[in-house]
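Read through the structure below, which is laid out as structure tokens, and then see the notes.
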Amino acid sequence: MNLFNRIFKIGQAEAHSAVNQFEDPIKMIEQGLRDLRLDLDKALHALAEVKALAIRSRNEAETERGRALDYENKAVLLLQKAHRQEMEAPEADRLATEALLKKTQHEAQATRATQEQQKFEASAQQLDQNVQQLKSTISQWDNELKTLKARVTVSTATKTINQQLAQLDSSGTVALLERMKDKVATEEALAESYGQIAQESKSIDQEIDKALGKDGSGQASADLQALKAKLGLG
């Protein structure tokens, strides 16, 4: 497991220009995270196996120490039995010696198992540190990936908008808008001009009628007198 080389490889996905041209940094980071998770699974499996070996060695050491103690007790019982003259002293010594040899053998086995237990526990401790480091690295890059995805979304949208703004003049959009603005201003001026002309024409007609006494008040007075005469009110 080459953790730091893998992390460096992930870092290259964002920094190296060739990678930026030919690879998708987000996809590379996602692949890197998948690789790290596979490494984590392997590390957890190895950690479990080493811990199991340490437990087995510990149990073996305890068993061997128990057997050594049992043979020591047997040697004591043999000597005590000879002392009570319940058996021949030479035979008791011989058997007690054999028991003590067995005790020594089991003590050696217990020592060996204890040493193996210590080695396995040291290996398990190192593996556990690697596991914790992998978990921390995966968590860090998970957060980095979320941030990078957000940055890509923003940068893509910004790039699209900037490209559209940069192409506005070349596509004639701004020129079209300016022409429409000028056309509206021209139409407004033309409407105002026609209004002024209409007002001037109306004013001239009113002046002519006034000069000729056709303001309408004389005719209205004549009509009033005719109506009164018709009604016998005059």
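Any read-out appearing in this document is the output of simple, stated calculations on the displayed coordinates, not a laboratory observation. From a predicted model like this one, the values you see are computed outputs, not experimental measurements. Glycine also receives a Cβ, built like all others from the backbone with ideal geometry; neighbour counts cover every protein chain displayed.
Observations on the structure shown:
- Within region 3-166, the proportion of C-alpha pairs whose separation exceeds 27 Å stands at 58%.
- All C-alpha pair distances within region 24-93, sorted into 5 Å bins from zero, spread as 3, 14, 9, 9, 8, 7, 8, 6, 6, 6, 4, 5, 4, 3, 3, 2, 2, 1, 0 percent across the bins.
- Rounded to whole numbers, the Karplus 3J(HN,Hα) couplings from phi for region 34-39 are 4, 5, 5, 5, 5, 4 Hz, using 6.51 cos²θ - 1.76 cosθ + 1.60 with θ = phi - 60°, and x at Gly and Pro.
- For trypsin sites (Lys or Arg not before Pro), the sites in region 84-178 that DSSP calls loop and that have at most 11 other Cβ atoms within 10 Å are Arg84.
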